Structures are given as C-alpha cells and as structure tokens.
Amino acid sequence: MKIDLNGKWNVSSKTYQNFLTTVPGSVLGGLLENKLIEDPYYRVNEYEAKKISFEDFTFERDFALTKEQLKKTNFLFLDGLDTVAKVYVNDVFVTSSINMHIMQRVQLDNSILKENNHIKIEFTSPYQYVWNYPRKDTFKTYSYNVTEVGSTCLRKSNCMFGWDWGPNLGDMGIYRDIYIISNDVGYLENYRQELEFLENGKIKVNIVTAYKKIKDTKIAAILSLKQDGTYLKIEQDLKETNQFSFVVDNPKLWYPNGFGEQTLYDLEFVVEDQIDKYKVGLRKIKIDDSYDEWGRNLAIYVNGIKVFVKGGDYIPQDAILSRVNEERTRRLLTLCKDFNHNVIRVWGGGYYPDDYFFNLCDELGILVFEDLMFACGRFNADDEAFMSTVKDEVRQNVQRIRNHASLFLISGNNEIEDGIRGDTEQARIWYAKIFADVLPKIVKEETNIYYLQSSPTSGGKLFDDPNNMNYLDCHSWDVWHMTKPFEHFKTIYPRLLSEFGCQSMPNLDTVKTYAREDEIDLESEVMDSHQKNKACNFKILYYIENLYRKPRNPAELVYLSQTSVAEGIKMCVEHLRRNKNRCNGAIYWQLNDTWPGQSWSSIDYNFGLKALHYYSRRFYAPHLISIDGEETCIKIAVSNDTKDEATYIATYGLYKFNGELIKQEELKVTLGPSSDKQIFELENNMDDDMVLYVELKDLAGNVLSNNFYQSKKDKELHYKKPNLSVSKIDDKTILVKTNYYTKNIYLEPHDNECVLSDNYFSLLAGQEKIITSKKAIDFNKLEFKSLNEICE
Ligand code: BMA
C-alpha cells in the first residue's frame with residue numbers, strides 16, 4: 001500500500017511564515033503559488049529572489065496511517081530532496097541529505113509511528129552550505145561560467161547557482177515524489193537487463209533483480225508484447241537477487257527515430273500485490289571507438305546500422321524544478337522527434353532527468369547521451385564525505401537509467417578534462433581519480449553502456465588534447481566564443497560533435513514576458529541581466545552584421561539573430577552529413593532554455609520555436625540534398641540517413657530572382673543505407689540576382705528535401721519587395737505564394753501551440769507552399785515577413 005505524501009505542505013522560514021506549497025515543489029514555487037513574491041524571471045527580479053534562498057526553510061505536514069499499516073513494514077521513499085536537509089518523523093530524526101541526486105528509502109521504526117503522524121524536513125540554505133563548507137577552497141568553478149564560487153562542493157544541480165544561460169536562484173525543496181510504502185513484502189530496488197543476440201535471430205533477455213525482501217514469497221517476471229501475442233512468464237522463490245532469462249522467438253526490434261519503429265515490450269515484476277512495470281526495447285548498440293586513419297572513431301551502430309546522430313543539448317527545463325513535469329518534457333521531446341532529431345545529450349551541469357524523460361526517449365526514438373552531473377569545475381577527490389555521496393549517487397543513477405533502450409553512452413562530465421588543463425597539478429590528480437578510476441569502475445560494474453571519460457575527450461593519455469577533433473567526442477566553440485566566421489565549420493571533421501552553437505534572441509512574444517517594450521535593446525539593464533555570458537550581446541550583433549545589415553528595430557533584431565544562427569548551424573550540419581564516413585553526428589548547443597533570455601537554444605523557454613528549430617527539421621531530414629558553395633565551384637550532395645537503400649530524382653535549377661530559368665539538370669540516383677554522395681559539381685559564376693535551387697524527390701514525386709544557394713551574402717545583395725500572398729485554406733492550412741524570390745518567410749501565429757509544418761523557408765518566384773498546423777490558427781493574429789523587406 002502506498003501512502004502518498006505529495007500535496008500540500010506547510011512551509012516557513014524566518015521571513016516567510018506558514019505558507020502552503022504543493023509538493024513536489026520548492027520554496028520559490030510555493031512563494032509564487034501564494035503570490036508572495038513577484039516572478040523572478042521578470043525584468044531584474046532575479047537578484048532579490050536569490051536572497052530568499054540565503055535563509056533556511058522548514059517543510060512539514062501531517063499524515064495518517066491505519067491500524068493495519070502500523071503492523072506492516074513502513075518505508076519512507078524520498079525520490080529527491082533539494083538538497084541539504086534533515087528529516088524528522090514525529091520529531092524523531094530519520095535521515096539527512098546532502099545530495100539532490102540521491103533517492104532515499106528509509107525503513108521507519110514502527111515504534112515512532114502512530115495513527116496521526118507529522119513529518120518535518122528542515123532545509124539548510126544551499127548558499128550557506130557552500131559558503132561555510134570547510135574544504136570549499138579546494139573546489140572550484142571555472143570562471144567563464146557565471147556560477148557561485150566553490151559551489152561544486154555541493155551535489156546540487158550546478159546551474160541552479162547560475163550558468164552562462166541561466167539565473168542564480170538557489171531554491172530548495174522536495175523536488176520529486178515523497179511517499180510511504182507499507183507492506184510486508186518489501187520493494188524492488190532495481191534490476192539489470194542484458195540482451196544476448198543469438199545466432200538463430202532470437203534474443204535472450206537476461207534479467208537480475210535486486211529486491212529488499214522481508215518474507216519468503218514468490219516473484220514473477222512477465223515479458224509481453226500484445227501486438228504479436230508474446231507472453232513469457234517465469235516464477236521463482238523471491239530472493240534478494242533473482243535471475244530470469246527469456247528467449248524471444250521473433251523479436252521486434254527498437255530503432256531510433258527515422259530508422260524504424262520504437263517497439264517496446266512490457267516487463268512486469270509481481271510480488272503478491274506489488275507490481276513494478278517497465279518497458280523493454282530490443283536493440284543492439286555498438287560503439288566503434290577504434291583507431292583509424294584519422295584518429296579515433298566514435299560511431300554509433302544500432303541493430304548493425306550506422307546511425308549518424310542528430311540532435312541538441314538538453315539543459316534543465318526550468319530553474320524552479322517543480323515546474324518541470326512530464327507534460328512539458330513530452331512537449332519538448334515531441335518537438336525533437338517531429339523535427340527529425342534522433343539524439344539528445346543531457347548536459348552535466350543540471351540534474352539526472354526523471355524516469356519519464358527516459359521513458360519518453362524510448363517511446364519517441366531519441367537516443368540519449370547522458371553526462372554524469374559534473375560540469376566545468378574542480379572536485380576534491382580526497383574529500384571523503386564528498387566522494388562517498390558521489391559514489392552512491394552515480395551507482396544509484398546508473399542502476400536507475402541503465403535498462404532504457406534509448407541510452408547509448410554515459411559521459412563522466414562536461415568539459416572538465418579540457419578545463420582542468422589550466423588548473424593545478426593537484427586538480428589533475430583528483431580529476432584522474434574521479435573520472436578515470438572511481439566512476440568508470442562503478443559504471444562498468446553496473447552496466448555495459450559505453451563510458452566516455454568526458455565530453456569532450458580524446459581518450460588515451462589524459463589532458464593531452466581533449467578537444468582534438470580527430471579523437472572521439474568534441475566541442476567546437478571557435479565559431480561563437482572565438483568569433484570565427486561560420487565558414488570555419490566547413491574546415492572541421494569532428495568524429496562526434498556534441499556541442500557547437502550560436503546565440504540568438506528568444507521569440508519577440510517571449511522577450512515581452514521579461515522586458516518592457518522600451519527595454520528591448522541589447523544595452524538595457526534588463527536585456528543585460530537576461531544575458532548571462534557578458535560577451536554575448538555583442539556577439540549577437542556581430543554575427544547578424546556578418547550576414548545582414550544592422551537591425552533597425554526589436555522585431556528585426558529578433559528575426560535576424562535567429563536566421564543568422566540557423567544559417568550557421570545549417571552550414572555545419574550539412575557539412576558533417578556530407579562527410580559521414582568520418583563524422584558521426586551533430587548535437588548542437590542548445591536545445592532548450594531554463595528561463596526566458598538570450599541564449600543558444602532552438603526552442604525558447606515558452607516553447608517559442610526559433611528559426612534554428614525549424615531549420616533543424618530540414619537539415620536533420622532523413623533524406624537531404626545540400627549545396628556546398630566554394631569560390632570557384634558548387635558541389636551538390638545527397639545524404640541518406642535511413643536503414644534502407646533509396647532511389648531519388650535530384651534536380652538543380654539556376655534561376656533569376658524574377659523567376660527566369662537559366663539552366664536545369666536532373667539525375668536519378670541510388671544511395672545505400674546510411675550513406676552520402678556528391679552528385680553534381682558546377683562552376684560558381686552566378687550573377688548577383690541569381691539563386692540556385694536544388695530538390696530531392698522520391699520516385700513517386702514527393703519532395704523529400706530542397707535547398708537554396710546564392711553566391712554572395714545577403715548584405716551584399718538587394719532584393720525587391722515581393723508580392724507575397726499568405727492566405728487561409730482552412731483553420732489549419734495556409735497557402736503561401738510569391739512572384740519574386742523570397743527568402744526566410746516567417747509566419748508568426750502568436751500561439752506557440754501552433755507548430756507549423758515549415759517556417760523561415762524560401763520560395764522561388766511562382767512557387768507555392770502549403771503550410772499546416774496541428775492546432776487551428778487564429779488568422780486575425782497571423783503575421784508574416786521575409787528577409788526581402790529587410791535587405792531591400
Ligand atoms: C559549453 C557548455 C556549457 C556552456 C556553453 C556555452 O561549454 O558545456 O557549459 O553553457 O558551452 O558557453
């Protein structure tokens with residue numbers, strides 16, 4: 001029997017007395033719920049809101065147990081306490097916490113329990129903990145991230161102390177479920193599943209359970225798939241460790257998005273009336289990290305097929321954690337699946353996502369690259385108390401996530417191997433102990449998932465050159481942080497590029513949620529405070545002016561910042577896809593936001609889709625035609641990112657902006673699975689009023705991909721204002737037509753739930769395009785514009 005302790009809790013501190021907050025929840029969440037503070041995300045409210053977490057807070061509530069339950073064994077389940085806390089039941093101390101990443105299961109002594117009980121959790125201010133930590137000076141945060149000095153000594157999501165895209169708000173609370181399990185059976189602690197691929201095509205599913213056993217009874221494991229009638233059941237005497245082996249005769253495999261179905265079997269463990277349910281995806285993942293002619297590979301094979309991974313980096317979806325929930329995560333991950341992403345990297349400065357995150361990735365076919373939660377800092381490996389909680393944390397989280405079909409790689413940390421080179425010798429010794437010894441041993445004991453020492457790493461000798469593009473995983477920040485032009489992307493050949501990005505403004509509707517109209521200027525105090533990397537407002541303008549002319553108003557600033565970034569990231573991804581034999585994937589920085597502000601994201605905090613996200617649907621498309629324009633020649637290539645051979649009709653046409661066709665050619669081409677091929681090479685002698693258009697169709701005539709190219713930058717060209725017509729076909733369908741080449745047509749429905757089938761697209765003179773939305777569009781609110789009006 002489960003006694004749910006979520007719901008209303010009474011919260012108090014010295015300043016704030018007795019307000020009710022909904023758990024899972026936090027101090028800031030509760031104060032907002034009660035309208036006791038203003039929105040910390042509005043204007044510069046962050047700075048006052050931060051001070052709230054300088055105080056300690058107590059959370060308490062009553063709960064009842066029946067006479068029957070008082071005779072059973074009672075376990076208190078604390079799925080997540082953020083972070084420094086002491087827990088009392090009926091004023092008796094039962095447990096404490098210094099690590100938000102750890103779940104606790106505490107067997108309560110029945111002699112302290114009654115029919116009417118009281119639970120109290122005292123939270124210590126996370127700032128006070130860090131400021132007063134005795135060995136604080138041995139920990140360090142690398143300075144380019146705006147985060148609280150020494151905060152790496154506390155196992156709390158590091159970005160809750162601020163990052164170069166998010167606020168420093170601290171906060172504390174019960175951020176995951178809290179409940180009591182009252183029974184005489186015990187509970188399933190975890191299980192481990194390993195798959196054996198037998199020669200006859202069958203798959204053996206080997207499972208080992210760890211059960212907190214109270215009495216002798218039976219355990220049954222059931223593996224089933226309704227759609228093909230598979231139902232396999234094994235019953236055994238319950239032990240602390242049970243082993244089950246199922247042989248699945250005609251296995252239906254799990255594939256990542258774009259490569260096939262995401263079939264999931266149901267797995268249940270039944271002990272009397274206690275049932276634990278999971279999903280199992282049958283897939284073979286192989287990581288090829290062999291040395292080769294370029295360096296050291298990092299290629300991902302799923303069910304024998306190379307998967308070029310395509311996606312974005314994930315950061316916590318809110319600084320107030322209780323506002324992150326399954327619905328918001330589903331919405332975000334669906335925007336990955338529907339936009340042709342097949343991978344997500346969980347960045348190491350946040351927290352380990354909830355089970356629902358991994359369940360959704362299994363369901364939607366999004367492969368997970370999971371960092372352990374260490375980022376950009378130094379950690380003292382001789383601090384025994386610290387190391388002890390870190391070991392528990394890593395073991396427990398690996399046990400929790402290891403069976404997910406989507407999980408393919410665990411990385412020790414974010415950018416520490418790279419950052420530590422500028423640190424002390426002692427720091428390097430500690431680094432090696434934690435990330436090359438202690439943690440990989442734990443990961444290897446608990447799972448066969450591939451362990452990468454750091455993201456990025458070159459493997460081999462530590463610290464040599466972690467970000468060497470030829471070796472394993474790398475990040476590329478020459479564009480943006482080092483202000484190299486976008487063209488630099490075409491000179492790199494990373495084996496796996498798991499970070500590269502450029503900042504843009506959020507959508508204008510989102511900007512208006514944190515700044516007043518008169519403050520939408522990159523130099524205002526508000527825009528400065530919503531820019532956490534102090535060099536970046538300048539860089540936003542720098543990259544805009546690289547391609548276009550100076551924005552003349554806030555709307556142009558938003559639009560041009562977004563289209564310039566989208567062009568840059570597109571250039572990189574298309575280049576990597578043209579070099580699939582050497583490059584294995586692109587994960588751009590960053591997918592989402594933690595709060596509304598200027599950042600690298602493709603989806604803003606309010607689910608406003610930026611130009612980059614719409615572009616990603618095109619540059620991550622399974623079948624891609626792309627153009628590589630060099631000074632003297634233009635190369636056109638096709639890329640097939642599916643498991644099947646494909647035959648296409650590829651065409652190119654050279655047009656004048658007014659629609660006149662200069663030259664055209666068509667080719668039938670067949671590509672094997674997971675491959676790319678150059679199909680045309682042309683001389684680059686285009687006039688200023690010409691555009692090259694390429695199109696890829698299947699044999700039934702469906703357009704799979706298209707692309708446009710001009711040989712000069714937009715700021716060097718002059719476009720005419722087109723006669724652009726945007727008309728309603730029905731509530732969910734728009735027809736767009738133009739009489740002159742129109743670039744980056746942007747439709748704004750002013751409703752973020754109206755996700756359009758395409759946006760920021762271009763049209764040739766005379767071309768028409770149908771745009772659909774799943775949700776009805778309010779045509780009275782629909783606005784549109786194009787680059788032509790800006791670059792007249
Ligand atoms: C990388 C990330 C983050 C950071 C981002 C932008 O270094 O790992 O730490 O936010 O770049 O600067």
Distribution of pairwise C-alpha distances over the stretch 49-100, 5 Å bins, in %: 4, 13, 21, 24, 16, 10, 6, 3, 2, 0
Theoretical FRET efficiency, 1/(1+(r/R0)^6), r = Cβ-Cβ of Lys14 and Lys233, R0 41 Å, to 0.05: 0.10
Compactness relative to 2.2 N^0.38 Å, alpha carbon Rg of the stretch 1-159: 1.16
Under-5 Å amide H pairs with Gly7, H placed in peptide plane, nonlocal only: Val23
Cross-link pairs beyond the 19 Å C-alpha cut-off, checked among Lys534/Lys715; Lys120/Lys215; Lys306/Lys697; Lys512/Lys610; Lys720/Lys743; Lys202/Lys233: Lys534/Lys715; Lys120/Lys215; Lys306/Lys697
Principal axis box of the stretch 322-422, alpha-carbon based, largest edge first, Å: 45, 28, 27
For the stretch 66-137, radius of gyration divided by Kirkwood radius, i.e. Rg to Rh on alpha-carbons: 1.08
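Based on the alpha-carbon gyration tensor of the chain, what equivalent-ellipsoid semi-axes (square roots of 5 times the eigenvalues) come out, in whole Å, largest first?
Equivalent ellipsoid semi-axes, largest first: 46, 32, 26 Å.
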DSSP-defined antiparallel bridges as percent of all bridges, the chain, nearest 5: 85
Inter-centroid distance (Cα atoms) of the stretch 238-267 relative to the stretch 535-571, Å: 47
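Computed over the Cα atoms of the stretch 93-216, what is the ratio Rg over Rh, Rh following Kirkwood?
My calculation puts Rg/Rh at 1.12.
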Per-residue HN-Hα couplings for the stretch 468-483 [Karplus 6.51, -1.76, 1.60; θ = phi - 60°; Hz; x = Gly/Pro]: 5, 4, 7, 10, 6, 8, 8, 10, 10, 10, 5, 6, 5, 4, 9, 6
For the chain, calculated [θ]222 nm from helices alone, where every DSSP H run of n ≥ 4 adds -39500 (n - 2.57): -5500 deg cm²/dmol
Summed side-chain charge close to Val394 - residues other than Val394 whose Cβ falls under 13 Å, Lys, Arg +1, Asp, Glu -1: 0
Net charge, Phe123 excluded, C-beta distance under 14 Å - Lys, Arg +1, Asp, Glu -1: -2
Lysine pairs with alpha-carbon atoms under 28 Å apart, the stretch 1-104, spacing 8 or more or separate chains: 23
Part-to-part distance (alpha-carbon centres) for the stretch 623-648 and the stretch 107-128, which is given in Å: 62
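If R0 is 41 Å, what FRET efficiency do you get for Leu661 and Asp518 from their C-beta distance, rounded to 0.05?
Efficiency for this residue pair is about 0.25.
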Average projected area [Cα convex hull, the stretch 522-606], square nanometres: 6.4
Charge sum, other residues only, whose C-beta stays under 14 Å from Asn297's C-beta, Lys/Arg counted +1 and Asp/Glu -1: +1
Kirkwood-Stokes translational diffusion coefficient of the stretch 264-384, alpha-carbon pairs, 25 °C, 0.890 mPa s, µm²/s: 144
FRET efficiency, Lys67 to Glu272 (Cβ-Cβ, R0 30 Å, nearest 0.05): 0.90
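Laboratory data are not the source of any read-out in this text; all were calculated from the coordinates shown. Computed from a prediction, not measured in an experiment: that's the story for all the values here. Note that we place each Cβ from the backbone using ideal geometry, even for glycine, and neighbour counts take in every protein chain shown.
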